[in-house]
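First up is the structure itself, then whatever we jot down about it.
None of the figures in this text is laboratory data; all of them are computed from the coordinates on show. If you're wondering where the values come from, they're calculated on a predicted model, not measured in any experiment. So basically every Cβ, Gly included, is an ideal-geometry build from the backbone, and we count neighbours across all protein chains shown.
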Amino acid sequence: MGKRMCKLIKEDFHETQFKEFVSLVNHPKFVCRKCGHVANEDDILCKPRKMKVKHKEKNKNKES
Ligand SMILES: [Zn+2]
């Protein structure tokens, strides 16, 4: 894929090829600082920034 997510979305990629779109964003690690889109890989965002992905296992409470 040579195109960037940010541009693809303008072309309705997320509607016309929904499954492929989901496969690119279902485990997002990067966010675009320009558009706010998220993606699994940074090379499909125009201004990618790595996100800190928190795992909620730390917040396990036995008693609340
Ligand atoms: Zn972007």
Point to revise | Label-zone membership for the stretch 32-54, site PHE13, 7 angstrom Cα→C-beta point, backbone N under 16 Å | key: 32-49
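Charges only on Cβ, +1 for Lys and Arg, -1 for Asp and Glu: so what's the dipole of the stretch 5-51 about the Cα centre, in debye to the nearest 20? Walk me through the numbers on the way to the answer.
Details: 9 positive and 7 negative charges, 72 e Å.
The dipole magnitude comes to about 340 debye.
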Check your understanding: Which residues' amide hydrogens lie under 5 Å from the amide hydrogen of CYS35, considering only partners 5 or more residues apart or on another chain, with H built in the peptide plane?
Key -> LYS47
